[in-house]
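Heads up: the structure comes next, in structure tokens.
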Amino acid sequence: MGSTGFSWKLADHPKLPKGKLVAMIVLDGWGEASPDKYNCIHVAETPTMDSLKNGAPDKWRLVRAHGTAVGLPTEDDMGNSEVGHNALGAGRIYAQGAKLVDLALASGKIYEDEGFNYIKESFATNTLHLIGLMSDGGVHSRLDQLQLLLKGASQHGAKSIRVHVLTDGRDVLDGSSVGFAEILEAELLDLRSKGIDAQVASGGGRMYVTMDRYENDWEVVKRGWDAQVLGEAPHKFKNVVEAIKTLREAPGANDQYLPPFVIVDDNGKPVGPIVDGDAVVTFNFRADRMTMLAQALEYENFDKFDRVRVPKIRYAGMLQYDGELKLPSHYLVSPPLIERTSGEYLVHNGVRTFACSETVKFGHVTFFWNGNRSGYFNSELEEYVEIPSDSGITFNVQPKMKALEIGEKTRDAILSGRFDQVRVNIPNGDMVGHTGDVEATVVACKAADEAVKMIIDAVEQVGGIYVVTADHGNAEDMVKRNKKGEPILKDGEVQILTSHTLQPVPIAIGGPGLAAGVKFRKDVPSGGLANVAATVMNLHGFVAPDDYETTLIEVVD
């Protein structure tokens, strides 16, 4: 790729033969957790996965699939399908989220890209609105990034700016919102001294206003919409510091749950509702608590609450929050530029590749696996098959989804003899897990296990090798827990967890084509998804490039 002496040619592995089919099976949302009735993988009949786990101990292990192992800022960041498949395919850990924003702001690239140029078209005649968490906690947003964005936007033509703040108290100390508001007000005062009409327009506590997640409570988003878009809230103040200080005086008040407020002028009129022609940026870099608002801002056929008034705006996220939904469609900071993925190397070395999933995860074994790149590397050597997902129903209605169809297509591809690698994503554990339907998720896990068996049986028939792993956790823990790990009750009912988890995921290797003496190394205890690519390259008979994360396997004579 322009580097001196670069070659696509991979060195042959000294101890591993070429020419064996390798089946790469990714179970979506399949983590490893303690067995109990809320661990759907444990409850479900999964004889195939059980046999892998309880088989040869040096052919099964756990790998990390969240936090820094997949390029996310902290160990509190859950893995997701997009970054998980980036890591699986790329073989290296690429910065995701906060670090990408830091780099884009530091270089100024953020102001040159398509997303900023899109919102910039509103600057001449309308207002730029910035919505997000006012905090230096670094989990969802950072105050210094907001400050830089304010300065940069004003230097690039924004004449009118409104900030809609959400107070934290969760990732930072309760009460710290007052200090953050004072810093922000000083920043806005400086902009006003330079002729920029810059003010805070609304606010509220993150757990009560805007920042709900996983469609737990749309009323939280509606409270934010009413304040930010309609300019309506139960509390009105002249400035944000006064607002926070006053609202915190109420009995039991804290930053997380401050009620919504709007800032008004001397006539009691809101200073910054969002109107036709305005630009809006949600400046959180973390996705989970911005996705719901993004839907309300972007979707024409939105029906989760009555928006009352839907202004025609130019909206961009700090990043794209959902790669599957392509939401939002405009964003300020692009995903990482990933070059020289394992799939591209293998194709250059003659490895004929088949990739398959159903619609909801098809992009993960193609686009994300290939480093956020569409299309084939070599259409003569690759075949990608998408099986249409069920539409018009929630996934718990048909929890088997298309697992068996994926298994059948992949079995046929293996038995055809036309491919050296097949890779699939079996989505059930994740997509059904997100519905919160425990019984359906148990059915989903059983179906996924049946698909794995179908593929492994075909691998056995052709003397191949299999690698079974996952991209992140979900179905293995379906209940919210306290710090002791006990299920949390509300009104006598357990609180269902619909999100991904922080759990590690399994990886298993086997098959008649696996050379004698191959086993998992003991000296890579903190191995993660990015280590899988070098492992798969080895199984194809190649040595991975030097800059890839180290392989998980060794060959013992």
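The values are calculated or read from the model by the stated rules, or taken from the named source; none is laboratory data. Because the structure is a prediction, the values reported are computed rather than measured. Ideal geometry is used to build each Cβ from the backbone, glycine not excepted, and the neighbour counts take in all protein chains shown. Protein only, heavy atoms only, side chains kept; ligands, DNA and RNA dropped before computing areas. Shrake-Rupley method; radii C 1.70, N 1.55, O 1.52, S 1.80 Å.
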Could you tell me how many degrees, from 0 to 90 and to the nearest 10, lie between the Cα long axis of helix 177-193 and the main elongation axis, the longest principal axis, of the Cα atoms of the chain?
70
Show me the three semi-axes of the equivalent ellipsoid for the stretch 31-115, from the C-alpha gyration tensor (sqrt of 5 times each eigenvalue), largest first, rounded to whole Å.
37, 14, 11
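Rounded to whole Å and sorted largest first, what semi-axes of the equivalent ellipsoid does the C-alpha gyration tensor of the stretch 15-174 yield via the square root of 5 times each eigenvalue?
43, 21, 14
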Radius of gyration and Dmax for the stretch 143-268's Cα atoms, expressed in Å?
14.4, 44
Could you pull out which residues in the stretch 118-144 have an amide N less than 20 Å from a spot 7 Å beyond the Cα of residue 186, following the Cα-Cβ vector?
134-138, 142-144
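Sorted by accessible area (1.4 Å probe), largest first, how do 34, 154 line up?
34, 154
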Between the modelled labels at residue 178 and residue 235 (7 Å from Cα along Cα→Cβ) the distance in nm is 1.3
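Figure the gain on full extension for residue 394 and residue 460 (residue separation times 0.36 nm, minus the Cα-Cα span) and round it to one decimal in nm. Don't skip to the end; give the middle numbers.
Values: separation 66, 0.36 × 66 = 23.76 nm, distance 3.52 nm.
In short, 20.2 nm is gained.
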Accessible area (Å², 1.4 Å probe, nearest 10) - residue 330:
40
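How do 379, 357, 416 stack up against each other in accessible area, from largest to smallest, with a 1.4 angstrom probe? Mind dumping the intermediate values first?
Values: 379 80, 357 0, 416 55 Å².
Heavy-atom accessible area, descending, gives 379, 416, 357.
Do any of 238/269; 400/446; 53/483; 15/453; 59/400; 326/402 go past 19 Å between their Cα atoms, and which? Don't skip to the end; give the middle numbers.
Working: 238/269 10 Å; 400/446 8 Å; 53/483 28 Å; 15/453 28 Å; 59/400 28 Å; 326/402 22 Å.
From 238/269; 400/446; 53/483; 15/453; 59/400; 326/402, over 19 Å: 53/483; 15/453; 59/400; 326/402.
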Around residue 478, under 14 Å between beta carbons, what's the net of Lys plus Arg minus Asp minus Glu among the other residues?
-4
In whole angstrom, the spacing between the Cα centers of the stretch 362-430 and the stretch 40-67 equals 21
Take residue 15, project a point 7 Å from its Cα along the Cβ direction, then tell me which residues of the stretch 532-557 have their backbone nitrogen under 17 Å from it.
534-544, 550-557
Compute for the stretch 317-463: radius of gyration divided by Kirkwood radius, i.e. Rg/Rh, restricted to C-alpha atoms, rounded to two decimals.
1.00
Label residue 556 and residue 267 with points 7 Å out from Cα along Cα→Cβ: what is the distance between them in nm?
8.2
Probe 1.4 Å - accessible area at residue 500, Å² to nearest ten
30
Separation of alpha-carbon centers, the stretch 312-357 and the stretch 489-527, rounded to whole Å:
24
Taking only protein heavy atoms into account and a 1.4 Å probe, give the accessible area per residue of the stretch 310-465 in Å².
38
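Computing the accessible area with a 1.4 Å probe over protein heavy atoms, can you report the carbon and sulfur percentage for the stretch 232-298? List each step's numbers first, then the result.
Working: 1300 of 2680 Å².
Exposed carbon and sulfur together represent 49 percent of the surface.
Do the sum for the chain: with -39,500 (n - 2.57) for every DSSP H run of n ≥ 4, divided by all residues, what is the mean residue ellipticity at 222 nm, to the nearest 500 deg cm²/dmol? Could the numbers behind the result be given before it?
On the way: 16 runs with 158 residues, N = 557.
About -8500 deg cm²/dmol.
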Using a Debye calculation, one point per C-alpha and no hydration shell, please list log10 I(q)/I(0) for the stretch 458-526 at q = 0.26 Å⁻¹ in order.
-1.14
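About the Cα centre of the chain, what is the dipole size in debye to 20, counting +1 per Lys and Arg Cβ and -1 per Asp and Glu Cβ, all else neutral? Before the final figure, lay out the partial values.
Working: 57 positive and 77 negative charges, 122 e Å.
Around 580 debye, computed over the chain.
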Under a plain spin-label model, where a point goes 7 Å from the Cα along Cα-to-Cβ, how far apart in nm are residue 326 and residue 547?
3.0
Label assignment, Cα Rg over 2.2 N^0.38 Å derived from the structure, set [x] 0.93; [y] 1.03; [z] 1.31
[y]
Antiparallel %, DSSP beta bridges [both residues in the chain], to 5:
30
Provide the packing ranking of 293-301, 240-248, i.e. peptides ordered by the mean count of other C-beta atoms within 10 Å per residue, highest first.
240-248, 293-301
Karplus ³J(HN,Hα) for the stretch 408-415 (6.51 cos²θ - 1.76 cosθ + 1.60, θ = phi - 60°; Hz, whole; x = Gly/Pro) runs 5, 4, 6, 4, 5, 5, 5, 6
